[in-house]
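Quick note: the coordinates plus some simple rules give every number you see, no bench work behind them. If you're wondering where the values come from, they're calculated on a predicted model, not measured in any experiment. Neighbour counts are summed over all protein chains in view; Cβ atoms, including those assigned to glycine, are modelled from backbone coordinates with ideal geometry.
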Amino acid sequence: MKSKAELAKSDVLHVDETSINKNGDRYWLHSASNSRWTYFFPHQKRGTEAMDSIGILPQFLGILCHDL
């Protein structure tokens, strides 16, 4: 997906997550965004397992912002 690749190449990236209800189950809605792209991904977990499976942060080398 082009937006994931573009986000991974960003100089600065903002990431966050919030809990959501998906068919009665608790999931986490992860977001990654820069000034042009925003990517949302629901996942059953928080933390490294979720970030790795989404596939943006393992490729990211810039400045990461969270909870500004």
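Pull up region 14-62, narrow it to residues that are hydrophobic (A, V, I, L, M, F, W, C) and over 22 Å from residue 2 (Cβ atoms), then point me to the one that is surrounded by the most Cβ atoms within 10 Å (Cβ to Cβ).
Taking the candidates together, the pick is 28.
Yes/no per residue for (1) at positive phi; (2) out of contact with any His (no Cβ under 8 Å at 6 or more places or on another chain); (3) outside any strand (DSSP E or B):
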{"residue": "7", "(1), (2), (3)": "no, yes, yes"}
{"residue": "10", "(1), (2), (3)": "no, yes, yes"}
{"residue": "15", "(1), (2), (3)": "no, no, no"}
{"residue": "28", "(1), (2), (3)": "no, no, no"}
{"residue": "42", "(1), (2), (3)": "no, no, no"}
{"residue": "50", "(1), (2), (3)": "no, no, yes"}
